[in-house]
Amino acid sequence: MPKTLYQKIWDAHVIESNGDTALIYIDRHLVHEVTSPQAFEGLRNARRKLRRPELTLAVPDHNLPTTARIDPSGTILPIADPQSAAQLAALEKNTAEFGVPYIGATDRNQGIVHVIGPEQGFTLPGTTLVCGDSHSAAHGALGALAFGIGTSEVEHVMATQTLMLSQSKSMEVRVDGALNAGVSPKDLILHIIGVIGTAGGTGHVIEYRGKVFEEMSIEGRLTVANMSIEGGARAGLIAPDDKSFAYLKDRPMAPKGEQWETAVRYWKTLHTDDGAQFDKSVTINAAVVAPSVTWGTSPEDVVPITGHVPDPMSFADPSKQAAAQKSLDYMGLAAGTKMQDVEIENIFIGSCTNSRIEDLRAAASILRGRKKANGVKWAIVVPGSGLVKEQAEAEGLDEIFTQAGFEWREPGCSACLGMNPDKVPTGERCASTSNRNFVGRQGPGSRTHLVSPAMAAAAAVTGKLTDIRDF
Amino acid sequence: MKAIKCVSGRAYPFGRENIDTDIIIPAKWLKTISRTGLGEGAFETLRAEADNMFDNPEYAGSPILIAGDNFGCGSSREHAAWAMADMGIAAVIAPSFSDIFSGNAFKNGMLAIELPQEAVDRLMEVAQTDPIHIDLENQVVTTAFQDRFPFEMDSFRKNCLLNGLDEIGLTMQRDNAITDHEADLQQQQPWLIPSR
């Protein structure tokens, strides 16, 4: 019987099945400082250890300030916020105590978990990969079944290298044709979420299929799969292909030599068979996708940059009308306003969605020889990892950013989530390459417009949301 | 985990859709290394509004929350379930939940009960004045007005909740099966798992 890619990976990981639930083996576990301390504490209290510490990789990212970490004399700088400092110290202590491989805050390989997993070759096709973070879906870009888990599940994986799961349904998101000039993978995934809604993929694993994804770079695929959770799907998959293998070859933790050849032979079987059935299917014509921007406080509140702030009464559903009105009040926007007339005070280029080298190149190509507008008070670029930062500096991108008036920062989650010093002030707007425009997400009272890296750069130059195609 | 058989009492007639976990507990509260004490930050932005129901003496301390579609979407933070438990919530009733939130609720012995929109609408009405009763054993939500709404519950989860089972302990009893799987993996995909 023909199988979907999801079914193949699921079947290969079932240890035991018991009606509704199955015991699933977990091949890879990424750990960060925020969702792990209570899990380590649970192990300690029950006198348990990690079953497979070598299948685990820990790195700090969420809490870590993105300002300099080492002073010119080589001394490690202290972290000002005592709670953040305690949580970061707990990760270092816990990983040492339990023997978990750990990349420290000042290591050149440090970065956002979802950037370093692929970068190190820790993420591999056909694996099950989990992390106590919902954007784990990103790793599906390389054909890993990857999803976010809560802290109790983190502890369960640590103790047993398994999870008790019920199988999800399968959903196909097919995009055929080709994206127009100026339309990036970020614009596409925002458009998709606008179409399916934030609960469109709930209970499902999405597989992204079609010409557009086949043509897309691995970094673009990571951006798309990353935001699967914003469409409600715990995981998003893209079948591994020659591009995936080329991306992974010679990465530090990827297989080598003869094992590499064997691995690639197996990975080539990881695709949905002809005739396999999906529980749900959505088709999108690439040609209709424009540069996208959000107007509200849910990632499904998407319009093309050429569009307007919608009238809440234009929604058919009365509860959506009320929600839209609340969103507009929070965002300080009036129905009918042209999106391109919305003025922006803050620019954030970074996050696990858009902080890889191609993202930085796209933003820098807009900013080369230009400066941020006077109305833009704060503009930062936060590379996804130390290696991305090194690469960008080797290409001179850091100079383009700083000459344009941006701050060039150290790797971390930064202004994506308002739990480190990088925050958007109350009542101010941010054109942000991150993934969530929730109320208070970038700091209390912050107003977020989700955009692509090039669109964020263009907004910095004009001081308004701007159509990149006009540049 | 504490065994749970039923939840009875007043309910917050909250009803809002797409409540994300940033609303349930903002990120600044996630710096804790403990599971307790998060009730203070629960629904912080909503509680800043005058006349919010969470601080209304009529509902404050209710063990049940009635919410709209897609409750708990967004971040995987289990702090959302911990914060709600810390403010005394033992069960949430909604037309649908995000997958991660319902899992996190379950792990903390909190009931996440899905009912059709019409049933939720009716319970929203009842909750204005009267208590609601959730019977896990018989999988039914009832009121003093003869309302009776049966709900679905995964049999594994139900068993764990009714008996307060430690899921990690249960899985550790399957050690032989896990070891066999690892041995197969070492044969078939040796690059995935180093042999010992």
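Throughout, read-outs are computed from the coordinates displayed, never taken from laboratory work. Computed from a predicted structure; not experimentally measured. All Cβ positions, glycine included, derive from the backbone under ideal geometry; neighbour counts span all protein chains shown.
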* Derived scalar couplings ³J(HN,Hα) [the range A:290-306; Karplus, 6.51 cos²θ - 1.76 cosθ + 1.60; whole Hz; x for Gly, Pro] -> 10, x, 10, 8, 9, 10, x, 10, 9, x, 7, 7, 10, 9, x, 4, 7
* By the scheme Lys and Arg +1, Asp and Glu -1, what is the net charge of all other residues having a beta-carbon under 11 Å from that of A:G418? -> +2
* How many Cβ atoms of partner chains, on average, are near each residue of B:75-87 if near means within 10 Å of its Cβ? -> 5
* Asked: Roughly speaking, what is the centre-to-centre gap between the range A:366-419 and the range A:58-109 when only Cα atoms are used, to the nearest Å?
  -> 22 Å
* Asked: What number, rounded to the nearest 500 deg cm²/dmol, is the helix-based mean residue ellipticity at 222 nm of chain B, given -39500 (n - 2.57) per DSSP H run of at least four residues and division by all its residues?
  -> -9000 deg cm²/dmol
* Given the peptides B:187-195, A:462-470, A:392-400, arrange them by the average over their residues of other C-beta atoms within 10 Å, most packed first. => A:462-470, A:392-400, B:187-195
* Asked: Which net charge results for the neighbourhood of A:R436, defined as the other residues with beta-carbon distances under 11 angstrom from its beta-carbon, given Lys and Arg at +1 and Asp and Glu at -1?
  -> -2
* To do: Among B:L170, A:T123, A:S184, flag the residue with its Cα farthest along the positive direction of the charge dipole of the protein assembly as shown, charges on Cβ as +1 for Lys/Arg and -1 for Asp/Glu.
  => A:T123
* Asked: Could the peptides A:259-268, B:73-82 be put in order, highest first, of the mean number of other beta-carbon atoms found within 10 Å of their residues?
  -> B:73-82, A:259-268
* Report the antiparallel proportion of the DSSP beta bridges in chain A as a percent, rounded to a multiple of 5. => 30 percent
* To do: Please give the calculated 222 nm ellipticity per residue for chain A, where each DSSP H segment of at least 4 residues contributes -39500 (n - 2.57) and the sum is spread over every residue; nearest 500 deg cm²/dmol?
  => -9000 deg cm²/dmol
* To do: Taking the Cα centre of the protein assembly as shown as origin, sum charge times position over the Cβ atoms of Lys and Arg (+1) and Asp and Glu (-1), and report the length of that vector in debye to the nearest 20.
  => 880 debye
* Asked: So how tilted is helix B:175-188 from the main axis of chain B? Cα-based, degrees 0 to 90, rounded to 10.
  -> 60 degrees
* Using Cα pairs closer than 8 Å and at least 6 residues apart in sequence, work out the relative contact order for chain B, in percent. => 25 percent
* Which ³J(HN,Hα) values in Hz, rounded to whole numbers, follow from the phi angles of the range A:181-194 under the Karplus curve 6.51 cos²θ - 1.76 cosθ + 1.60, where θ = phi - 60° and Gly and Pro get x? -> 4, x, 9, 9, x, 5, 4, 5, 5, 4, 4, 4, 5, x
* To do: Please work out the Cα center distance from the range B:87-114 to the range B:115-154, rounded to the nearest Å.
  => 15 Å
* Check A:I149: other-chain or 5+ apart residues with amide H under 5 Å from its amide H, H built from backbone geometry? -> A:C131, A:G132, A:D133
* Calculated diffusion of the protein assembly as shown, Stokes-Einstein form, Kirkwood radius summed over Cα pairs, 4 °C and 1.567 mPa s, µm²/s -> 52 µm²/s
